[in-house]
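Reading through the structure tokens given below for one structure.
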Amino acid sequence: MDRARQTCASLPMVIHGVELSIGSAHGWNPAYLEMLDAFQAMWPFVWHSEHLGFQTIPGGDGASLEVGVPLPVPPTKEAADLIGGRAAAICRRYQPPFLLENPAYYISDLPCDREIGDDIGLINAIMDRSGCFLLLDLHNVFCNSLNHRIDPLAVIDRAPLDRVVEIHVAGGASRDGFWMDGHNSRVPEPVWELLEYTLSRAPRVGGVVFEMLDDFAVALGAKAIGEELRRAGEIWHRCRAS
Amino acid sequence: MALLDYQTALGRLVRAPDGTDPLRSLRLDEAERSSIEGLQANAGYRFTVGVQRSWCVGRAERAGYLTLSILPEDLRRRLLDDWTEAGGGTSSFFAAEAEAFLDFIAGRLPHPSHELTACRFEQATLRANQQAIGFTPPGPDRLQAPRCALRRGRHAGLVAFHGEPHAIIEALTQHQALPPVSAAATAILFAPGLEGLWRVASSREAALWEKLTMPVRFTSLARDGYRRDDIAAMLRIGFVEFVTPIGDRA
């Protein structure tokens, strides 16, 4: 923590969590919230976010079993009620805005309720129930559009753009017939186009993050990372100016 | 289909695609059962299983980085496969994953061997390091209490090195050739309050570590010749710690 403060104490802090398991029907992870409480006391954050997914299931003797990877929540009313209630509780617990991130998913034909429809329908239903905000991961939109043959612009148009506070861009890789959200390459050209499209329509966005795995950062190198950040900055300024 | 039942079925299928009866004890009608079973033919499901497996292997590789780096590739691959097949690698909490995975590896390495030493060295270092930041030694006053008992420090350890310890550690960390395995062992003590986390243990410290596999009253240790000052020094570095007797707990 001391090292982090030396490096970036003067910058605004935002939190991005992966362990809350907000969509697990058998229970979420209260230890994560306790950790967040402690962190907020040490270093207040501007906003905080989590992934929309589930990664724990019931194990033996009432224990929780970790799946090992976040899995998509089916777009059903039960899921919207469950996650909406939890997101609302988080909004009450912390002053700074709480954001949920749209996931990349590979399994098609998830069970769904007609009134919710799909993953974007689920996000809209959760936002309506909780008042939380959206972390729009454009690489996840891109992955889903390739893997499930859907129009990414139509997805963005249906998303609650007035509630987008943070945007992620990243790269991935093609594997076994799927485009994988691997955070292991430069940002594909179509994702930059999605950023330009979204930024000009989402008035509340406070920041854009280029995500990559730490292993890959070394391979990519500072020059290429700088180029990606510069490009994100140029799009930001162009869209904000217009 | 109830959300809990769907998630339980999907989670089980992703964790163990070849597991027995992943739908046991779930409230599913025939159509729901058939829909879940049909997942196994879904290319996206199979891809998800592959992603899950690669995440689990990645976690285990980070958890046992040093030890895995000195093992032959076929053994390394087999240990990772066995670990993930057994459901390992799913915990995102690094300390828990490292503790469990290194225990798993240790049970499959020859004794004595430098590989086993590396494994225990890595585990003891991680364990001590986890507590090193913010470690506060207890006051020694409790040693005077009549029922005062002690146990091994939960973030401490004692590791046997079969050769000159500094030479072995240098070879391990610099990826150099390891010296021959010696029959005689040197005990290295790890503790969170120790500068640098480790040093060579004295024979008295090693003997105390063996004695404290179960909590022992200080009066008993004193009868065995352990002086108050020696125990206080071990408390200060977290090599041993106090046990609160059950009857004294709130």
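Please label the shape of chain A as rounded, prolate or oblate, based on the square roots a ≥ b ≥ c of the eigenvalues of the alpha-carbon gyration tensor (a/c under 1.5 means rounded; beyond that, a/b larger than b/c means prolate, else oblate).
The shape class here is rounded.
Which ordering of A:Lys77, A:Lys223 is given by a fewest-first count of other beta-carbon atoms within 10 Å?
Least crowded to most crowded, the residues run A:Lys223, A:Lys77.
Residue farthest toward the positive end of the dipole of region B:1-41, with Cβ of Lys/Arg at +1 and Asp/Glu at -1: which of B:Leu28, B:Pro17, B:Met1?
Sorting the options by dipole projection puts first B:Pro17.
For region B:23-71, rounded, prolate or oblate, judged on the Cα gyration tensor with a ≥ b ≥ c (square roots of eigenvalues), a/c < 1.5 rounded, else prolate if a/b > b/c?
Cα axes put region B:23-71 in the prolate bin.
Tell me the net charge near B:Glu37. Cut-off is 15 Å between Cβ atoms, B:Glu37 excluded, with +1 for each Lys or Arg and -1 for each Asp or Glu.
Value of the local net charge: -3.
Determine the relative contact order of chain B: mean sequence separation of Cα pairs under 8 Å and six or more apart, normalised by residue count, in whole percent. Display every interim value, and only then the final one.
On the way: 310 pairs, mean separation 42.8, N = 250.
Contact order relative to length: 17 percent.
When a/c reaches 1.5 or more, the comparison of a/b and b/c decides; with that in mind, is region A:132-242 rounded, prolate or oblate per its Cα gyration tensor?
Working: a/c = 1.95, a/b = 1.17, b/c = 1.68.
Oblate.
What's the exposure ranking of B:Arg227, B:Arg217, A:Arg86, going from fewest to most Cβ atoms within 10 Å? All intermediate terms of the calculation are to be shown ahead of the outcome.
Working: B:Arg227 11, B:Arg217 15, A:Arg86 20.
So the residues, fewest neighbours to most, are B:Arg227, B:Arg217, A:Arg86.
Provide Rg over Rh for region B:31-186; use the alpha carbon set for both Rg and the Kirkwood Rh (inverse mean inverse pair distance).
1.13
In whole angstrom, how far apart do the alpha carbon centroids of region B:29-69 and region B:94-136 sit?
26 Å
In the neighborhood of A:Ala31, defined by Cβ-to-Cβ distances under 12 Å, what is the net charge if each Lys or Arg adds +1 and each Asp or Glu adds -1? Don't skip to the end; give the middle numbers.
Numbers: positive: none; negative: A:Glu19, A:Glu34, A:Asp37.
Summing Lys and Arg as +1 and Asp and Glu as -1 gives -3.
Counting other C-beta atoms within 10 Å, which of B:Thr20, B:Thr186, B:Thr213, A:Thr76 has the fewest, and how do the rest follow?
Exposure proxy ranking, most exposed first: B:Thr20, B:Thr213, B:Thr186, A:Thr76.
Tell me the mean residue ellipticity at 222 nm calculated for chain A from its helices only (DSSP H runs of n ≥ 4, each -39500 (n - 2.57), averaged over every residue, nearest 500).
Result for chain A: -14000 deg cm²/dmol, rounded to the nearest 500.
Remind me, relative contact order of region A:132-242 in percent, using alpha carbon pairs under 8 angstrom and six or more residues apart?
RCO, region A:132-242: 27 percent.
Sticking to Cα atoms, compute the Rg of region A:1-139 to one decimal and its Dmax as the biggest Cα-Cα distance, whole number, in Å.
Both quantities, over Cα of region A:1-139: 15.8, 51 Å.
Distance from the Cα centre of region B:155-208 to that of region A:191-239, in angstrom?
Rounded to whole Å, the Cα centres lie 47 Å apart.
Only the coordinates and a few stated rules stand behind these numbers; no lab work does. Note that the coordinates shown come from a computational prediction; the quantities given were computed from them, not determined experimentally. Note that each Cβ is placed from the backbone with ideal geometry, even for glycine, and that neighbours are counted across all protein chains shown.
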